[in-house]
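Engineer: The following block contains the structure, expressed as structure tokens.
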There are 2 protein chains.
Amino acid sequence: MGLRERKKHRTRLALCDAAFELFLEQGFESTTVDQIAAAVDVSPRTFFRYFGSKEDLALDYTVEYDELITTALAARPEDEPPFQALTNAYRTFIHALEVGAAEDPARFVRQRRVIEGNPHLMAASFARMAETEKKLTAEIARRQGTDPEIDQRPRLLVAFITAAIRVGSECPIEATTSLAELLGKMESVLSLVEQALDPGWCQFSLGSSGQVATKASSPG
Amino acid sequence: MGLRERKKHRTRLALCDAAFELFLEQGFESTTVDQIAAAVDVSPRTFFRYFGSKEDLALDYTVEYDELITTALAARPEDEPPFQALTNAYRTFIHALEVGAAEDPARFVRQRRVIEGNPHLMAASFARMAETEKKLTAEIARRQGTDPEIDQRPRLLVAFITAAIRVGSECPIEATTSLAELLGKMESVLSLVEQALDPGWCQFSLGSSGQVATKASSPG
DNA sequence: TAATTTATGTCAGTCGATGACAGATGACAA
DNA sequence: TTGTCATCTGTCATCGACTGACATAAATTA
């Protein structure tokens with residue numbers, strides 16, 4: 001890796017660090033891009049060459065987590081039933097979080113706290129989740145051999161799982177939550193989902209019941 | 001109602017109409033507040049006296065729907081099991097949509113299309129849903145006599161229902177979907193949820209199994 | 001009609017974000 | 001080492017969303 005690339009990498013990290021420090025100190029909204037840029041001693045214009053927006057910076061790490069889940073699902077055996085494949089992918093995700101946080105255990109919690117402290121960031125993170133949902137749905141539908149545009153079950157099943165992820169990674173702003181606590185909560189919510197869903201339904205496949213109830217009107 | 005109030009009401013409607021017309025014509029992002037204000041012949045500053053933001057206008061109607069669901073839940077009999085209460089509240093919502101759309105059947109679909117055509121609006125609408133979730137969760141927890149901070153089941157159950165609402169009201173941008181089609185989809189997704197969830201789990205109440213698995217660490 | 005309240009317009013300014021151009025700096029070949 | 005080239009960066013100008021302050025115009029009430 002050349003000097004140029006190393007420098008870029010360093011600036012990017014510096015911007016992230018400075019930004020999150022300021023966010024935690026004075027909030028997301030009241031931290032200006034100018035402040036962040038000044039803290040790293042680059043021009044505000046340069047900031048936008050590294051991150052498309054202030055929001056992009058705050059949600060930067062979520063991208064890698066989304067990728068983590070989608071690839072984890074892709075790695076599950078083809079014949080694994082949809083629900084098991086999804087929950088296992090989620091477990092892989094939790095585990096990756098545990099491992100990846102070795103250097104800085106508070107990082108994930110810190111980031112979640114910044115996000116949950118700001119409605120705009122919450123909103124944006126939901127929207128990203130929606131993108132991930134699309135990918136997961138496509139993969140489940142492919143495995144089951146159904147068309148996700150017609151059969152709503154893959155879509156709904158994925159929505160259940162991501163609902164669990166959301167609930168599991170909620171992180172009250174007041175109380176000082178540790179990563180261990182948060183991971184524990186994620187595990188427990190995951191097991192709640194496993195209790196909640198009808199195991200028969202979750203093993204739906206092409207031709208099983210429930211297939212029809214999707215399009216209301218006749219096709220033209 | 002005095003002249004002043006009537007005038008205000010009229011301006012508000014005019015702003016909404018003009019805005020949505022422009023949104024559908026040229027997109028949400030590329031429609032400026034100045035354009036909307038000009039179309040109604042008010043100053044841009046006045047626009048912001050009616051709506052906190054351009055986004056607020058686009059999501060204006062969602063507020064009333066959120067209220068609809070929460071009050072529908074509150075109206076369910078106290079002894080109705082949580083899941084039934086939620087699904088019935090959702091049915092009430094669908095029905096209200098059907099009735100309320102009598103004058104302008106395309107309105108709901110039009111609004112959904114504007115929202116789903118723009119990531120920012122999608123994001124914001126998720127965030128509002130999250131607020132509604134909080135209220136619903138509080139109500140379910142109250143009925144079941146559990147603490148939503150400790151027992152994650154009300155939270156998760158509500159998240160399932162709102163997941164269903166999200167999936168049900170998704171409205172592909174390309175295809176021209178009618179309100180009837182959309183309502184039909186909502187109904188069918190609702191019945192899918194009823195099939196998917198374990199009826200036993202959904203009747204959880206204080207002291208039933210599943211209660212413990214929520215907090216990971218010891219209580220201090 | 002006079003006094004009071006309230007909605008609106010104007011103006012100035014902040015902040016996020018983008019395009020255009022010029023200068024600085026690292027990469028690479030001769 | 002030197003010169004060329006690609007790329008990074010700063011500066012400047014600009015747009016659009018949004019806000020506070022103040023003055024004016026209109027509606028409400030006495």
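None of the figures in this text is laboratory data; all of them are computed from the coordinates on show. Bear in mind that the values here come from a model prediction, so they are computed numbers and not experimental data. Cβ coordinates were reconstructed from backbone atoms using ideal geometry, including for glycine residues, and neighbour counts include every protein chain displayed.
Engineer: For A:Lys134, go through the lysines and keep the ones whose alpha-carbon is under 21 Å away, minus same-chain ones fewer than eight residues off.
Structural biologist: Cα-Cα hits under 21 Å: A:Lys215, B:Lys185.
Engineer: With θ taken as phi - 60° and the coefficients 6.51, -1.76 and 1.60, list the Karplus ³J(HN,Hα) couplings across region A:120-131 in order, rounded to whole Hz; mark glycine and proline as x.
Structural biologist: Along region A:120-131, the couplings run 4, 5, 4, 4, 4, 6, 4, 4, 5, 4, 4, 5 Hz.
Engineer: Of the candidates A:Asp56, A:Asp104, A:Asp41, which one comes out as most mobile in a Gaussian network treatment of chain A with C-alpha springs shorter than 10 Å?
Structural biologist: Evaluated over chain A, the most mobile residue of the options is A:Asp104.
Engineer: To continue, here is another question. Which one, B:Val63, B:Val42, B:Val167, has the greatest fluctuation when you compute a Gaussian network model over chain B with C-alpha springs under 10 angstrom?
Structural biologist: Of B:Val63, B:Val42, B:Val167, the Gaussian network model singles out B:Val42 as fluctuating most.
Engineer: Now for a separate question. How far is B:Asp147 from itself in the other copies, in nm, if each label sits 7 Å out from Cα along the Cα-Cβ line, shortest first?
Structural biologist: With the label placed 7 Å along Cα→Cβ, B:Asp147 yields 5.1 nm.
Engineer: So what is the orientation-averaged projected area of the protein assembly as shown, using the convex hull of its C-alpha atoms, in nm²? Kindly include the intermediate steps, with their values, before the conclusion.
Structural biologist: On the way: hull surface 101.7 nm².
Orientation-averaged projected area of the Cα hull: 25.4 nm².
Engineer: Here's another thing I want to ask about it. If I model region A:11-109 as equal point scatterers sitting on the Cα atoms and use the Debye formula, what is log10 I(q)/I(0) at q = 0.10, 0.13, 0.17 Å⁻¹?
Structural biologist: Debye output, listed in q order: -0.39, -0.59, -0.81.
Engineer: Right, here's the next one. Once amide H atoms are placed 1.01 Å from N in the peptide plane, what residues at a sequence separation of 5 or more from B:Leu197, or on another chain, have their amide H within under 5 Å of its amide H?
Structural biologist: Answer set, sorted by chain and number: A:Asp198.
Engineer: Would you mind classifying region B:54-180 by shape? Square roots of the alpha carbon gyration tensor eigenvalues, ordered a ≥ b ≥ c; an a/c under 1.5 is rounded, otherwise it is prolate if a/b is larger than b/c and oblate if not.
Structural biologist: The shape class here is prolate.
Engineer: Based solely on C-alpha atoms, express the radius of gyration and the Dmax of chain A in angstrom.
Structural biologist: When restricted to the Cα atoms of chain A, Rg and Dmax are 20.3, 63 Å.
Engineer: From the phi angles alone, apply the Karplus equation (6.51, -1.76, 1.60; θ = phi - 60°) to region B:147-161 and give each ³J(HN,Hα) in whole Hz, x where the residue is Gly or Pro.
Structural biologist: Result, ordered by residue: 8, x, 6, 9, 8, 7, 5, x, 4, 5, 4, 4, 4, 4, 5 Hz.
Engineer: Roughly what would the spin-label model give for A:Val63 and A:Lys134, points 7 Å off Cα along C-beta, in nm?
Structural biologist: Simple spin-label model gives 1.6 nm for this pair.
Engineer: Another question, if that's okay. Using only the Cα atoms of region B:1-52, build the gyration tensor, take square roots of its eigenvalues as a ≥ b ≥ c, and label the shape rounded, prolate or oblate: rounded if a/c is under 1.5, else prolate if a/b is larger than b/c, else oblate.
Structural biologist: prolate
Engineer: Pick from A:Ala141, A:Ala180, A:Ala102 the residue whose mean-square fluctuation is largest in a GNM of chain A, springs joining Cα atoms under 10 Å.
Structural biologist: Looking only at A:Ala141, A:Ala180, A:Ala102, the largest GNM fluctuation is found for A:Ala102.
Engineer: Give the nm distances, rounded to one decimal, from A:Thr46 to the matching residue in every other copy, measuring between label points 7 Å along Cα toward the beta carbon; shortest first.
Structural biologist: Result for A:Thr46, in nm, nearest copy first: 4.7.
Engineer: Apply the Karplus curve 6.51 cos²θ - 1.76 cosθ + 1.60, θ = phi - 60°, to the phi angles in region A:23-29 and return the couplings in whole Hz, x for Gly and Pro.
Structural biologist: Calculated HN-Hα couplings, in order: 4, 5, 6, 10, x, 6, 4 Hz.
Engineer: Here's something else I'd like to know. Between A:Thr176 and A:Ala75, what is 0.36 nm times their sequence separation minus the Cα-Cα distance? Round to one decimal in nm.
Structural biologist: On the way: separation 101, 0.36 × 101 = 36.36 nm, distance 3.49 nm.
Once the chain is fully extended between A:Thr176 and A:Ala75, it gains 32.9 nm.
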